[in-house]
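To start, the structure itself, in structure tokens.
The values are calculated or read from the model by the stated rules, or taken from the named source; none is laboratory data. The shown structure was predicted, so the numbers you read here are calculated from the model rather than taken from an experiment. All Cβ positions, even for glycine, are placed from backbone atoms using ideal geometry, and neighbour counts span all protein chains on display. All accessible areas refer to the heavy atoms of the entire protein, side chains included, with ligands and DNA or RNA removed. Shrake-Rupley method; radii C 1.70, N 1.55, O 1.52, S 1.80 Å.
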Amino acid sequence: MKFHFTERDLDLILLEELHSDSGYSEWFSHKIGLGGWTFESARHSIAAEANGRWRETDVLAMFVKGRERHAVLIETK
């Protein structure tokens, strides 16, 4: 049996793990330098216009700490 795994598959697995109660979001935030921050939300395939050009990210994850919020743009390859 041969499996075909796409970038979109990886994006959706990442989204599922970030939203799960497995501890993955805490591990992930620590690995990217946001230890102590709390995962708030994540969305797939977000596009926005910036400086006259459209930009897209595979996964947009939001982390909060007190009143501060950080957006993390994740590109999977």
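A few comments on the model shown:
- For the stretch 24-77, the solvent-accessible area of protein heavy atoms averages 72 Å² per residue (probe radius 1.4 Å; ligands and nucleic acids excluded).
- Under a model in which nothing but the beta-carbon of Lys, Arg (+1) and Asp, Glu (-1) is charged, the chain shows a dipole of about 220 debye around its Cα centre.
- Accessible surface of H19 - all protein chains present, 1.4 Å probe, nearest 10 Å²: 100 Å²
- Label selected from [x] 6.7; [y] 8.2; [z] 4.4, the criterion being mean projected area of the Cα convex hull in nm² as computed here: [x]
- Note on K2: lysines with a C-alpha under 28 Å away, same-chain residues under 8 apart excluded, are K77.
- Charge-dipole axis of the chain as Lys and Arg at +1 and Asp and Glu at -1 on Cβ define it, positive-most pick from W27, G52, M62: G52
- Here the accessible area of the chain is 52 percent carbon and sulfur, with a 1.4 angstrom probe and all protein chains present.
- Sequence of W54, W27 from largest to smallest accessible area, 1.4 Å probe: W54, W27
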